[in-house]
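The values are calculated or read from the model by the stated rules, or taken from the named source; none is laboratory data. These numbers were taken from a predicted model, which means no experiment stands behind them. Cβ sites come from the backbone with ideal geometry, for glycine too, and all protein chains shown count toward neighbours. Heads up: the accessible areas ignore ligands, DNA and RNA and are worked out on the full protein's heavy atoms, side chains in. Shrake-Rupley method; radii C 1.70, N 1.55, O 1.52, S 1.80 Å.
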Amino acid sequence: MVATHTTGAPPPSGTAVPQAGDPGRRGLSPQAQGVAALLVTVAIWAAFALSARALSASSLLPADAALLRFGVPLLVLLPALWRRRHRIAAVRPGPAAKIVCGAGVPFFLAAMHGGSLTSAAFVGSIVPGMVPLFVSALMAARGHGAPRGTQAAGLALIALGVAALVWRHVVPVDAGVLEGAGTLLVASGLWALYTVGLRDVDLDPVGSIGLLCLPSFVLVGLLVLTGALPTGLARAATGDIALFLVVQGLGVGLCAGLLYAFAIRRLGAERSSVVGSLSPVAVVLLAVPLLGESPTPAVLLGVPLITAGVVLANRRGRSTGPGRPRATARPRTPLRSRTPVRSRVRPRPEVPADA
């Protein structure tokens, strides 16, 4: 970050230093930072969908992948999490349950099981594709209003796209694929719960990861020790362990967790879930060379519908979102006369600053 002052002398004492986004300083706006973080997260989610499908052909079992998914972030962030232990322990049970259930062991096992019965395109389309619908329903239940206009049309297209994916397996009935699709829908609903839960806790992204990974890792460990979940980690191939350690542990568990929480703070829960639904396109494109999957007519129809729905649903925030100009601008008044007005009329951010 470089200031735009043209003189080499330091600013006088007491002079305010321009912040990012101010005219005197170059830098990304909060929305641009959120979008950049979300694009990287989308790429990691695509890798998650591919690994969910590849797990069935690897030497690892779901419990092994879960141990890597939740254990690696805890190991990497252990010193930082220890400093945040009091704030993590102070989180209310309700929001904590949303996060732990929404992205913890229930979500992970549902996504892995659904991926083993379907394809990478299904995982990459259904799980993130249906999240905007579930988030909108949760937000409406909390009194934020039902979707309208282009957002409602976009969400309808997303639903049609998901229906197009599974329709060919309804007639004739393919019980395995339908079971997998239903399990992926459950995973999507759980992830929506996690998305909404993140804005209800007073934690930074690192603290949010600790709140998610610690109880999840303990639960998986107990299930493995009691024999409820089988493990093959001791006999797994080194290449499989390395792949899932990087994709699940470092990628999904650490980087995506930090970046997604950061994006929600910048863009809000609804827009983050909608923009994140662009990952189906990346999954379909990557599944061809990496997994040898050929897009079926249902995929070629469903994924564009989901993508079109994402675009339409995303138009809702272009005129009313934080940082966007209003349709009509008020005439500027001197600073002295504006100050009392600004103290009485407070902006309403989409996501609280302490989400």
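A few notes on this one:
- Accessible surface, the stretch 94-177, averaged per residue in Å² (probe 1.4 Å): 38 Å²
- Accessible heavy-atom area order of 173, 288, 131, 206, highest first, probe of 1.4 Å: 173, 288, 206, 131
- Placing +1 on the Cβ of every Lys and Arg and -1 on the Cβ of every Asp and Glu, with no other charges, gives the stretch 147-300 a dipole of roughly 260 debye about its Cα centre.
- Calculated log₁₀ intensity ratio I(q)/I(0) where the Debye formula runs over C-alpha points of the stretch 90-211, q = 0.11 Å⁻¹: -0.42
- When the trypsin sites (Lys or Arg not before Pro) in the stretch 68-162 are filtered for DSSP coil states and for at most 13 other beta-carbon atoms within 10 Å of their beta-carbon, the remaining sites are 142, 148.
- Normalised by 2.2 N^0.38 Å, with N the number of residues, the alpha-carbon radius of gyration of the stretch 58-134 equals 1.34.
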